[in-house]
Amino acid sequence: MNQNSSSRYASALFNQSIYEDKLDVIFNNIELIFNELKLKQQLYKLINNPTISKDLKERVFSKVFSSRVDLLTISFLNLVIHRSRENLLYQITKNFIDLYYQHKGVITATVTSAKTLTEVDRLAIFNKINPNGKVKVTELIDPSLLGGLIIHTGGKEYNTSVKKQIIKIKQVFEL
């Protein structure tokens, strides 16, 4: 149910942003809020604490964001808090960002490698993911992979890591 609710809220804000011709502005606002929630544990804990009043949550969000975001975004935040859905805010912002990228034809992917990718490797991966060039990639480093890559995109995983190959070899020899 939470996934459905967060999707509906994200979709409503997305559609209103298009209607008011503020899609790019609201996207930047939502991306800011998403990053703040991800990076600032105090803010995340505040919105998920049921003992803190709605009024206090609205005042905190207003103080933190009112000078940095559009009025539509502030109104939306107040609506979410007023309807006691603030615990869904992180997922709502994530869903909105996904809708925005889908609308703009941008393919999102997460690339995990054992070490930092070179620019040549990065460009080759980007071109494989989407030859049209519209790609938003999150790069992660995981030394335990030992080598190779794991690419998550479009609900699929492509795993060419050395770690995965070692696990497969171990499974073969255990038979």
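Rg of the Cα atoms in segment 2-103, relative to 2.2 N^0.38 Å, amounts to 0.98.
The residue list S113, S144, Y19 was ranked by how far each Cα lies along the charge dipole of the chain toward its positive end, using unit charges on Cβ atoms, and S144 comes out on top.
Given a cut-off of 16 Å, what percent of all Cα-Cα pairs of segment 44-84 lie beyond it? Result for the distance tail: 28 percent.
Checking the Cα-Cα distances for K104/K136; K38/K94; K104/K134; K22/K54; K63/K94 against a 19 Å cut-off, the pairs over it are K22/K54; K63/K94. Backbone geometry of segment 33-47 corresponds, through the Karplus equation with coefficients 6.51, -1.76 and 1.60 at θ = phi - 60°, to 3J(HN,Hα) couplings of 5, 4, 5, 5, 5, 6, 8, 10, 4, 4, 5, 4, 5, 4, 5 Hz, x marking Gly and Pro. The alpha carbon convex hull volume per residue for the chain rounds to 165 Å³.
Every number here is computed from the coordinates shown, using simple stated rules; none is lab data. These numbers come from a predicted model, not from an experiment. With ideal geometry, Cβ positions are generated from the backbone for all residues, glycine too; neighbour counts draw on all protein chains shown.
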